[in-house]
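The values are calculated or read from the model by the stated rules, or taken from the named source; none is laboratory data. Everything numeric here is computed off the predicted structure, so don't read it as measured data. Positions of Cβ are backbone-derived with ideal geometry, glycine not excepted, and every protein chain shown enters the neighbour counts. Note: areas computed on protein heavy atoms with side chains; ligands, DNA, RNA excluded. Shrake-Rupley method; radii C 1.70, N 1.55, O 1.52, S 1.80 Å.
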Amino acid sequence: MDWFRSHLTYRKQFVHYGGINSKINTIEGGVPQGSVLGTLLFIIYTNDLSDTLNCVKSNLFADDSALYYSSPTIPHLHKTMNRELDNLDW
């Protein structure tokens with residue numbers, strides 16, 4: 001687990017565009033883009049996604065996830081989606 005912590009948390013990143021660098025930001029978690037480990041960790045993370053959701057439906061494709069839900073009112077939609085998203089915050 002220490003390897004994961006040291007390689008997937010608190011990395012630094014910045015953007016270079018038009019000869020200008022942005023400030024350096026710390027990324028608290030995530031997998032470096034293009035890493036071999038990224039695909040495996042994505043599959044592990046999303047494997048049980050549909051089992052975790054109660055009302056919201058999900059579509060998973062390659063490296064993309066979409067959640068959707070239909071509701072008669074905006075407040076109900078907001079409440080339901082936030083509750084479901086809280087369930088995903090492992």
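Assorted remarks:
- Proximal lysines relative to Lys12, as straight alpha-carbon distance under 28 Å, when same-chain residues fewer than 8 apart are discounted: Lys23
- Reach of Lys57 by Cα under 25 Å, taken over lysines that are not fewer than 8 positions away in the same chain: Lys79
- Heavy atoms of Val15 accessible to a 1.4 Å probe, total area in Å² rounded to 10: 90 Å²
- The GNM of the chain, with springs linking C-alpha atoms under 10 angstrom apart, assigns the highest mean-square fluctuation among Tyr69, Tyr17, Tyr45 to Tyr17.
- Here the chain exposes an accessible surface that is 57 percent carbon and sulfur, computed with a 1.4 Å probe and the other protein chains kept in place.
- Dimensions (Å) - the chain, Cα atoms, principal axes, largest first: 49, 33, 23
- Taking amide H atoms as placed 1.01 Å from N in the peptide plane, the amide H of Arg11 lies under 5 Å from those of Ile27, each 5 or more residues away in sequence or on another chain.
- For Ser65, the solvent-accessible surface computed with a 1.4 Å probe is close to 50 Å², ligands and nucleic acids excluded.
- Note that the chain presents 83 Å² accessible area per residue, ligands and nucleic acids not counted, probe 1.4 Å.
- Helix 36-46 axis, angle to the chain major axis (alpha carbon atoms, nearest 10°): 20 degrees
- Rounded to whole Hz, the Karplus (6.51, -1.76, 1.60) HN-Hα couplings of region 69-78, x for glycine and proline: 7, 10, 9, x, 9, 5, x, 5, 4, 4
- Phe14 exposes around 110 Å² of accessible area when a 1.4 Å probe is run over every protein chain in place.
- A Förster radius of 41 Å, combined with the Cβ-Cβ distance separating Ser58 from Asn21, puts the computed FRET efficiency at roughly 0.65.
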